[in-house]
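Okay, structure first, notes after.
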Amino acid sequence: MRKRVATPYMIWMLIFIIVPLVMVVYFAFTSSSGGFTFDNIIKVKEYTGQFLQSFKIGAISTVICLILGYPMAAIISRSREHVQRTLVMLCMIPMWMNFLLRTYSWMTLLENNGIINNILEYFHLPRLQMINTEGAIILGMVYNFLPFMIMPIYSVMAKIDYRLIEAAQDLGCNSFAVVRRVILPLSVPGVISGITMVFVPSASTFIISKLLGGGDMMIGDIIEAQIQGGANNLNLGAAISLVLMVVVLITMAIMNIFGDTESEVSLI
């Protein structure tokens with residue numbers, strides 16, 4: 001019975017996860033003529049700079065989302081039930097809008113003749129170069145991915161038994177000690193999930209960097225150019241995608257191990 005219930009999900013995974021991954025691996029290790037080759041993987045090293053730039057921007061965006069999202073998740077989790085529903089809805093409302101429209105809205109704000117520069121000019125202040133910069137990319141990522149940091153942390157914090165906090169206070173812990181010894185260790189799973197959900201798309205995205213950064217700044221732009229752009233090199237694009245996926249998976253595995261270790265040490 002269980003196998004029958006799981007069959008639709010297995011078919012879904014086969015069509016939309018396994019088959020695309022097999023195709024990426026196939027194209028990464030073949031030439032344009034279909035022969036087996038490692039040349040595509042070797043050529044990936046030419047884009048080391050874009051890899052490092054992508055991980056740097058992704059890491060900065062993730063840290064900012066964590067700094068902003070953790071207190072917000074804590075506030076929501078300790079609010080009354082009807083307030084929680086309202087705050088969660090406010091966090092999710094921007095996600096109901098199309099991703100491209102949200103990014104385009106930031107273009108109208110940040111471009112040289114955009115709303116912000118027009119306001120600065122109105123007050124006789126110098127215009128700022130905000131569009132096509134690294135800061136604009138980070139701003140776009142934080143805006144788009146912040147809910148993905150808030151919700152996992154909130155879902156974990158909301159399940160923390162408040163009696164544990166009261167017990168810590170009865171044993172002499174001040175507010176800082178309660179956060180460090182109780183709330184933070186118990187919220188580590190949500191933090192790890194939030195970091196994963198923000199870092200992975202931040203490091204691999206291309207549309208935000210293309211619209212707000214001018215393109216060619218991140219590895220996602222290179223992949224998009226190889227597959228759909230003027231380069232028209234599907235094999236190299238697949239190889240870069242494969243290497244990016246492997247690096248991200250290794251990074252996430254190390255982070256999960258570190259998170260488990262940190263949680264165990266904190267609870268001892």
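Sort out which residues of the range 133-185 are of a type in the set (Asp, Glu) and under 20 Å from Phe99 (Cα atoms), and write them in order of number. Spell out the reasoning first.
From the range 133-185, those of a type in the set (Asp, Glu) are 134, 161, 166, 170; that's our starting set.
Listed by number, the list holds a single entry, Glu134.
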Problem set entry | Selection from the range 153-190 of residues that are closer than 22 Å to Ile60 by Cβ and either of a type in the set (Asp, Glu) or modelled with pLDDT of 95 or more (or both) | Ile153
Problem set entry | Among the residues listed as Ser202, Ser193, Ser209, the single one being under 19 Å from Ile75 (Cα atoms), of a type in the set (S, T, N, Q) and modelled with pLDDT of 90 or more | Ser193
Problem set entry | Single match in Phe99, Phe51, Phe36, Phe27 (criterion: loosely packed, with under 11 Cβ neighbours inside 10 Å and either closer than 24 Å to Val179 by Cβ or not aliphatic (A, V, I, L, M) (or both)) | Phe36
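Would you check which residues across the range 72-85 are surrounded by 12 or more Cβ atoms within 10 Å (Cβ to Cβ) and farther than 13 Å from Phe148 by Cα and list them?
As a first pass, look at the range 72-85 and keep what is surrounded by 12 or more Cβ atoms within 10 Å (Cβ to Cβ): 72-79, 83-85.
Once the filter is applied, which keeps residues that are surrounded by 12 or more Cβ atoms within 10 Å (Cβ to Cβ) and farther than 13 Å from Phe148 by Cα, the range 72-85 yields Ala74, Ile75, Ile76, Ser77, Arg78, Ser79, Val83, Gln84, Arg85.
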Problem set entry | In the range 114-167, the residues that are without any contact (Cβ under 8 Å) to a residue 60 or more places away in the chain, among the hydrophobic types (A, V, I, L, M, F, W, C) and in contact with a Ser or Thr (Cβ under 8 Å, 6 or more places away or on another chain) | Ile115, Val156
Exercise. Quick one: which helices (runs of 4 or more DSSP H) sit completely within the range 176-250 and have at least 3 residues that are in the same structural domain as Ala73 (by TED's automatic domain parsing), over 28 Å from Leu110 (Cα atoms) and not basic (Lys, Arg)?
Worked result: 184-204
For this session: Considering every residue within the range 216-230, establish whether at least one is modelled with pLDDT of 90 or more, surrounded by fewer than 21 Cβ atoms within 10 Å (Cβ to Cβ) and not acidic (Asp, Glu).
Result: no
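The values are calculated or read from the model by the stated rules, or taken from the named source; none is laboratory data. Quick caveat, the model's predicted, so the values are computed rather than measured. In this analysis, Cβ positions are derived from the backbone assuming ideal geometry, glycine residues included, and neighbour counts consider all displayed protein chains.
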